[in-house]
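Encoded as structure tokens, the structure appears first; notes follow it.
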Amino acid sequence: MQMHHSFRLKPLAAATSVALLVGFGAGAVRAADNLPDMGGSGGQPWRVDTFYENDTHARKDVGLSKFRNTIQVEADKDFGGNGTFSSIKLRTKFRGTYDGVYKLNDDEYGKNAGGPIRLENGRAGVDYGLNIGAPPAVPFLQGGGTVPHGGAPINNTNVALFGGPFAGNKFSDTYPNNPNDGMIVLGSNLHKTKGGVAFGVPQAPCDYDSRGCIKDYMDANSHELASPEFNDRLDFIREAFLVAKLPMADGRSWNFQLGKQQVVWGRTDLFRVLDVINPVDYSRNNIYDELQDIRIPMWIFTAEYRMGATETFDDTNVQLVWNFDKFRPNNLGQGGTPNQILGAGDFFRGMKNLWDNGGTVANFAGADPTGGLATNFGPNQIGIRKAHMPEWSFANTQLGIKWEGVYQGTGFSLNALTFRSQLPSLRNLASKGVANINSFTGATAVHPYLIAFDIYFPRVNLVGGSMDMQLDSIKSSLRLETALTKGEEFANTAKPGLYSESKVWRYVIGLDRPTFIPFLNEGRAFLLSGQIFGQHLLDHEEYRGPWGKYGMPDHEHNHIATFLMKGWYQNDRVSPQIIMAHDFEAGSSVAAPSLEWLFSDNLKITVGANYKFGDGAQKYSDARDGNPFPPFSGGQNGRPGTVQGMAGLTGYEPLGRFRAGPIGMANKEDEVFVTVRYKF
């Protein structure tokens, strides 16, 4: 489905227009710098910087995966004071982007992406007795090989062999709104199916193919994918906020910030423990861009009371934060786009397509450890029905408070925040009492354990703190950050609603040290930085069934370690670095070497790569064995047909992505890149 926006410009023209308008406007402002500054005194001229950047990526076996052209203008103005406020400043940043990959590589990411697909149909040479109690003598009920989308052996024509009666059943024979074209098989860019809930995922942008586009959540058209800043939320405004200082007695003061901005809590890089006020755009470059470039600015008001030194503390202040903007989730990427954290975009789009139009699901009917039969489902039976996007209300805004200070040279903070989860939660329709169609009988009823969902964004409460200190004895600085959240929701196949809530404890420990490595550079120290990130689900739930583990696919305890080594040569104009990360439970790693060359004061060129290695995709309980339509979908391998719940049947899709993590799910996305950045 295509989004209709009142603000619509052609992508490249839009990016160029904003840059030119702001750039020429900045020149006009410079000429008017002698005008009075809001009735105050001590104003300064406008400071304006304009940048152009081209970021080109090539991915193994895919070709061009990014051809992003960006113009960014930063314009700041110090207005001085006005009698009440001792200083008033304006900070602005505008960014326009055009990514040509959707035109230049449209066979992978544009209007010609995808094609006809075939889906796995159990394992070769295995007969399926299903609910009948004996292996059928009918050849098409014999597993093995693949079938085309729409050609599953379990359909309207043959479903009686699955155990009738079936008057009014909703299995499908044809898909007039879901033809076998323009799709890939879920997960096929990372792994072969090898069991699991696999299905077709439409790939073209939503203006070329509306299948699977989730209204108001993942329904971007080609213009919005290529130029994501130009939308109803005016994301081309990266920053636009006023900073005002109100002096108080005894050297204390209030500092106010109002406008579109990023509010950064925490002291660590990459991992978002306390730094959760702004959502993040992972569709830009997965996890590999700097957070300052991928945080989504929000309309926020902050009030900071700076108390200065006290009898106990060297410095202390209290900050109040009110994010009054309409809710924004993280951008996880959309089905068919180059960057999707955890492959979430493809999964969500394929599931939405199944609900709206029906489709073939691999290995589903009669599933047991030896396989399962591909099954044709009709519309409104399985998949994602809709996303419940929170409307604006005071209750849906975010409120936070931070107490920050310095004690004997050690910086610290204590933080508390109430907010809506920026990550989606999939709740089975039955958990909300919503009925849907029984595929076998055609009746409408509530079906626990069925993979039919709505998307929600639950309310989360967070408390935490941070600290940094100098360790002079080892010439290093130590960074600590921790948070405890309540209200986050996770997939859980042990529950009839297929989700549950868990308190989560997260922390990061970081150590930074400038170190001389004489055989590499005798005259300049290298920066060595290491971090360890921990996540613990305090209400984790997992069981071992006769066929494998089931419950929460997210690991109960997990750690990710990172290491950065950065050096400088030729008067700091050449800077090589390498960043490495390892996900311990996923068994997956990434190495990202790069070389930054400051060719001149205005031109910077960066070349690099990221290479993933390790286990990659992982299997977990895939919800085929929950028996949502008893007795027709149960009775496999000796289980009574009336028993509901999981036995531990596993596959790569759909929940193995949480076991593999963001590094493992990108295991086949090795890239090289060149970035050219010019300052005008």
Sort 98, 611 by Cβ crowding within 10 Å, fewest neighbours at the top. 611, 98
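Between residue 418 and residue 584, what length comes free when the chain is fully extended (0.36 nm per residue of separation minus the Cα-Cα distance, one decimal in nm)?
Residue separation times 0.36 nm, minus the Cα-Cα distance, leaves 56.7 nm.
Please identify every one of the chymotrypsin sites (Phe, Trp or Tyr not before Pro) in the stretch 526-580 that sits in a loop by DSSP and has no more than 12 other beta carbons within 10 Å of its own beta carbon.
Values: sites: 526, 533, 543, 547, 550, 563, 568, 569; in loops: 547, 568.
Of the chymotrypsin sites (Phe, Trp or Tyr not before Pro), not one in the loops of the stretch 526-580 has a Cβ with at most 12 other Cβ atoms within 10 Å.
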Computed FRET efficiency, Cβ-Cβ of residue 106 and residue 446, R0 41 Å: what is it to the nearest 0.05? 0.45
Can you list the aspartates and glutamates whose alpha carbon sits under 20 Å from that of residue 89, skipping same-chain ones fewer than 8 residues off? 33, 37, 49, 74, 76, 78, 239, 304
Could you tell me how many degrees, from 0 to 90 and to the nearest 10, lie between the Cα long axis of helix 344-357 and the main elongation axis, the longest principal axis, of the Cα atoms of the chain? 40 degrees
Spin-label model distance (nm) - residue 434 vs residue 525, 7 Å beyond Cα toward Cβ: 5.7 nm
Hey, what did the stretch 297-420 get for relative contact order, percent, Cα under 8 Å, at least 6 apart? 26 percent
At a 10 angstrom cut-off on C-beta neighbours, averaged per residue, how do the peptides 424-433, 594-603 rank from highest to lowest? 424-433, 594-603
Note down the relative contact order for the chain as a percent, whole number, built from C-alpha pairs under 8 angstrom at least six residues apart. 13 percent
Which value in nm describes the separation of the simple spin-label points at residue 556 and residue 249, placed 7 Å from the Cα toward the beta carbon? 5.8 nm
For the stretch 403-460 and the stretch 599-628, write down the distance between their C-alpha centroids in whole Å. 24 Å
Computed helical MRE - 222 nm, the chain, DSSP H runs ≥ 4 contributing -39500 (n - 2.57), nearest 500: -2500 deg cm²/dmol
For the pair residue 505 and residue 602, the simple spin-label estimate (label points 7 Å beyond Cα toward Cβ) gives in nm 5.5 nm
Whole-Å distance linking the alpha carbon centroid of the stretch 463-534 with that of the stretch 216-232 is 33 Å
Quote the charge dipole size of the stretch 189-291 about the Cα centre in Debye, to the nearest 20; the model charges only the Cβ of Lys and Arg (+1) and of Asp and Glu (-1). 360 debye
Helix 11-31 versus the longest principal axis of the chain: what angle, 0 to 90°, nearest 10, using Cα atoms? 10 degrees
What order do you get for 56-62, 663-669, 491-497, 570-576 when each peptide is scored by the mean count of other beta carbon atoms within 10 Å, highest first? 663-669, 491-497, 56-62, 570-576
Relative packing of 613-622, 238-247, which averages over residues the other C-beta atoms within 10 Å, highest first: 613-622, 238-247
Tell me, what is the FRET efficiency for residue 401 and residue 234 to the nearest 0.05, using R0 = 30 angstrom and their Cβ-Cβ distance as r? 0.60
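Using Cβ contacts closer than 10 Å as the measure, can you line up 248, 183, 389 from fewest to most? Let's see the in-between values first.
Details: 248 11, 183 30, 389 16.
Listing 248, 183, 389 from fewest to most nearby Cβ atoms yields 248, 389, 183.
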So if we plug the beta-carbon distance of residue 309 and residue 177 into 1/(1 + (r/R0)^6) with R0 = 56 Å, what FRET efficiency do we get, rounded to 0.05? 0.25
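FYI, it's all coordinate maths here, none of it is from the lab. Treat the numbers as computed from the prediction; the structure is a model and nothing was measured. Virtual Cβ from ideal backbone geometry, glycine too; neighbours counted across all protein chains shown.
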